[in-house]
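Presented below is the structure to which this report refers.
The values are calculated or read from the model by the stated rules, or taken from the named source; none is laboratory data. All values derive from a computational prediction rather than experimental measurement. No Cβ is skipped: glycine too gets one built from the backbone with ideal geometry, and neighbour counts run over all protein chains shown.
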Amino acid sequence: MSEWDELTTWLHSRPGHYGVQVCTPSGEVLYSYHADGVQPAASLIKVPIALTLDHYARLGALHMTETVELTETARTAGDGTVDTAAAGTRWSYATLIEHMLRESDNTASNLLLTLLEQRGLGMAAVNALMQELGAFNTRLQRRFMDFAAAQAGHDNLTTPADMAHLFVHLAVSVQPTTHALLEPLYHTVVQEKIVAGVPYGTRVAHKTGDLPGVEHDVGLVHAPNGSYIIALLGNVIPDPATGQHSLAQASHIIYTVLNTGDHHGA
């Protein structure tokens, strides 16, 4: 029996459709389960947005210190810092990216998409960069909380393999500003998935996503036997608690496998 059989059995037994990829920070794949299956991205798509903003800032097309004013018309449903801020407050683009990643703030995210549109870039720039980086099945096709677009077939999409690949890019990037995008992810607010499955105090940089029937978490885990990247995606899930438990237990199994015996990450 493979040491990964417990994980495969667990995923197969759970209500919903799951996809998982585990790899080293250098990209060596350690485990894969339906990792190329396309799923609704939910808030995981905020990582490609952040990477695109960083890319064009380095090219000089935008400046992270510029600020934008929050208006009532720009406000989007959510409970993040920018979501609930008073109209008239101003935010730098760098701060908006921090809130988008750490709190999954939808208003911050949509303001940043507006910035890309104003620079003549828009969603097409995000999708082009994903192709360039090798995340071939990841597509941004709608703004956040635009459920009419999703119902019309214009949803944001990704795969476990793509998201693991993007976290490899974050982990190994020689660009200081790109690597720095991990920092707010060490302080992600939601802790019920990857983090719930590893020992207390384990350092994890991760991005979660959820929608009705969807529970995701992707991250870089720093463990005693070495760091590893884990992408856990699930959809067609009956309720949030079921999905969160499925992902937390998967995280626990992965941590146990990689920190028992001679397994090493990086």
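Summary table below
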| quantity | calculated |
| --- | --- |
| Any hit, segment 107-120, residues being outside the structural domain of residue 22 (by TED's automatic domain parsing), in a loop (DSSP other than H, G, I, E, B) and either over 19 Å from residue 217 (Cα atoms) or aliphatic (A, V, I, L, M) (or both) | yes |
| Selection status of residue 155, under 17 Å from residue 23 (Cα atoms) and among the charged types (D, E, K, R) | no |
| Subset of segment 1-42 [at pLDDT 95 or above and among the small types (Gly, Ala, Ser)] | 13, 16, 19, 26, 27, 32, 35, 37, 41, 42 |
| In segment 7-17, the residues that are surrounded by 15 or more Cβ atoms within 10 Å (Cβ to Cβ) and either on the phi < 0 side of the Ramachandran plot or assigned to a helix (DSSP H, G or I) (or both) | 7, 10, 11, 14, 17 |
| Failed item, numbered, when residue 150 is tested on (1) over 23 Å from residue 187 (Cα atoms); (2) without any contact (Cβ under 8 Å) to a residue 60 or more places away in the chain; (3) surrounded by fewer than 18 Cβ atoms within 10 Å (Cβ to Cβ) | (2) |
| Which numbered condition residue 210 misses (of (1) within 13 Å of residue 40 (Cα to Cα); (2) surrounded by fewer than 16 Cβ atoms within 10 Å (Cβ to Cβ); (3) not assigned by TED's automatic domain parsing to the domain that holds residue 114) | (2) |
| Residues located in segment 30-66, provided they are surrounded by fewer than 14 Cβ atoms within 10 Å (Cβ to Cβ) and either part of a strand (DSSP E or B) or hydroxyl-bearing (Ser, Thr, Tyr) (or both) | 65 |
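Residue by residue, here is whether (1) buried (at least 17 other Cβ atoms within 10 Å of the Cβ); (2) modelled with pLDDT of 95 or more; (3) in the same structural domain as residue 21 (by TED's automatic domain parsing); (4) over 22 Å from residue 57 (Cα atoms) holds:
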{"site": "139", "(1), (2), (3), (4)": "yes, yes, no, no"}
{"site": "168", "(1), (2), (3), (4)": "yes, yes, yes, no"}
{"site": "174", "(1), (2), (3), (4)": "no, no, yes, no"}
{"site": "200", "(1), (2), (3), (4)": "no, yes, yes, yes"}
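Yes/no per residue for (1) within 22 Å of the chain's Cα centre (by Cα); (2) within 14 Å of residue 45 (Cα to Cα); (3) not small (Gly, Ala, Ser):
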residue	(1), (2), (3)
58	yes, no, yes
105	yes, yes, yes
112	yes, yes, yes
116	yes, no, yes
119	no, no, yes
124	yes, yes, no
153	yes, no, no
